[in-house]
1. Can you tell me which residue among A:L106, A:L161 is away from every other protein chain (no Cβ under 13 Å) and crowded, with 21+ Cβ neighbours inside 10 Å?
2. For the stretch A:125-172, what are the residues that are at pLDDT below 95 and farther than 19 Å from A:A21 by Cα?
3. Output the residue which, of all residues in the stretch A:128-140 that are more than 11 Å from chain B (Cβ to nearest Cβ) and over 11 Å from the mean Cα position of the chain (by Cα), is surrounded by the most Cβ atoms within 10 Å (Cβ to Cβ).
4. When you check A:G114 against the structure, is it crowded, with 16+ Cβ neighbours inside 10 Å, outside any strand (DSSP E or B) and in the same structural domain as A:V66 (by TED's automatic domain parsing), yes or no?
5. How many residues are closer than 19 Å to B:I200 by Cβ and not in a loop (DSSP other than H, G, I, E, B) when one looks only at the stretch B:271-288?
6. Do we find that B:T202 is without any contact (Cβ under 8 Å) to a residue 40 or more places away in the chain, more than 27 Å from A:S280 (Cβ to Cβ) and at the interface with chain A (Cβ under 7 Å from one of its Cβ atoms) in this structure?
7. Tell me, which residue of the stretch B:103-127 that is over 20 Å from A:A206 (Cα atoms) and acidic (D, E) is nearest to the chain's Cα centre (by Cα)?
8. Please indicate, with yes or no, whether at least one residue in the stretch B:155-177 is among the charged types (D, E, K, R) and touching a Ser or Thr at 6+ places or on another chain (Cβ under 9 Å).
Protein chains: 2
Amino acid sequence: MAKIAFIGLGVMGYPMAGHLAAAGHETTVYNRTGAKAEAWKNEHGGHTAPTPREAAEGADVVFSCVGNDDDVRSVVFGDDGVLAGMRTGATLVDHTTASAELARELSAGAGEKGIAFLDAPVSGGQAGAEKGILTVMVGGEQVRFDAVRPVMAAYGRTITLMGPVGSGQLAKMMNQICIAGLVQGLAEAIAFGQNAGLDIGTVIGAISKGAAGSWQMENRHETMSAGRYDFGFAVEWMRKDLGICLAEAKRNGSSLPVTALIDQFYGEVEAMGGKRWDTSSLLARLKR
Amino acid sequence: MAKIAFIGLGVMGYPMAGHLAAAGHETTVYNRTGAKAEAWKNEHGGHTAPTPREAAEGADVVFSCVGNDDDVRSVVFGDDGVLAGMRTGATLVDHTTASAELARELSAGAGEKGIAFLDAPVSGGQAGAEKGILTVMVGGEQVRFDAVRPVMAAYGRTITLMGPVGSGQLAKMMNQICIAGLVQGLAEAIAFGQNAGLDIGTVIGAISKGAAGSWQMENRHETMSAGRYDFGFAVEWMRKDLGICLAEAKRNGSSLPVTALIDQFYGEVEAMGGKRWDTSSLLARLKR
């Protein structure tokens, strides 16, 4: 069993750190809002620490799962950041969905101190984190991946090394780009079908196994048909991720015309009061 | 067993009519190019007729599967059309992907002669037609649907009544609208991933069971990654279908912004020489 630090107890991090503790790892947590760390300790045992640095002291592996690039920087760098506390030879794993540039920046900063780094964004949402069946997309060196993979198995079902540092983030970007176009197509189809007087469930039942079929169709058509969006992966998080995709596309010379358009559509959904609505709420702006 | 006429022996109609003959139905075929009808008769037995009218004489069920709205009109109406030959009480089933308006026009024309009508576009492509596992989306009356369904089972695996006349076409439009947005999202993701230096197969292997997953991802990512489009559902057919979707959306007040944009993108693919390329060739215009 390993000595672990986990930084960031949000909707993803809280259950992920819980799975690590349940698997028998000695786990110390840090969270910006201390009360949540105390709640976690009461539920799962383990330890809390007042700063990321103190959480990271003596750890074999330090995990971070926070909000955005700047949030990651604030818990990794500086006098109270994890790099100030980590020992040489330990590994830092960032589960935050962030830019590939940040991953390379973290890897360089860690490398200066003899610390290894893996970028490892996840997909599967809150439900996947709670059930411990996340998909983990990893960038970094094979030998470090092999060493940390058994630890991540506490909450990951599919754990894949995608290539060098940054590749985990780039793979997650591919995931989000696919979802954007796909959900918009599904939303246009459902709005069209409702305007045409079709029974959406009957149509989806017939077409969902064929060329139009998707996870989103299977898992979202009922809530979309009912206009329910009070759950799932929030629009404001999706916009953060699409912003990362669009910035990276600009760097690597990719054209993402529909992804860019859908980022704008999500902006309209936010203006409708939908910041916290599920990603499938693209349908809402078609039904105004 | 029923007495059948089948009008239109294209890539879909040829094998569909073959399955009807193989199931034991007495099948008479008509095709604009007579040589194809002769080839079909040599392969499957049955009969050929020199006009749609003569093929339809005495039939219990007449199927049509031709190109577009005007092609359907030309084999249904007029002195040599099937309605001139069909007996009262028979059923006309149109498998062409066409407009819902045409379905209502055909139903009215058939009704005047005491002939029932079902619109019944299919999905599953040439492979689905050859294997006899098509999805059939039907509009019309329940009693006629129930009567003809066992005949269509010769080539259909999922056969669903979607509602009154026109509903089969409207359901097929939902299918095509879903595909348009979905394939573009997948194409943007693959182009992005290639520009980022990712191994596309590795990424897709990790994400294909999750929220980004789709039939298109599972079945097209390898050919898309390789830039192979010489198979499948052709761009020019997709544009015909999207044209039908956009016209119907204008009538029923639906907004299809991404579907409309992707119709334009397919126009660019056509201009690149891709009229006959598979629908997944949206990737080609991102890689110029």
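1. Going through A:L106, A:L161 in turn, just one is away from every other protein chain (no Cβ under 13 Å) and crowded, with 21+ Cβ neighbours inside 10 Å: A:L106.
2. The answer is A:G125, and nothing else.
3. Within the stretch A:128-140, the match that is surrounded by the most Cβ atoms within 10 Å (Cβ to Cβ) is A:G140.
4. no
5. Residues meeting the conditions: 9.
6. The answer is yes for B:T202.
7. Among those residues, the one meeting the criterion is B:E105.
8. Yes: the stretch B:155-177 contains one or more residues that are among the charged types (D, E, K, R) and touching a Ser or Thr at 6+ places or on another chain (Cβ under 9 Å).
The values are calculated or read from the model by the stated rules, or taken from the named source; none is laboratory data. Everything quoted here is computed from the prediction, not taken from an experiment. Backbone-built Cβ (ideal geometry, glycine too); neighbour counts: all protein chains shown.
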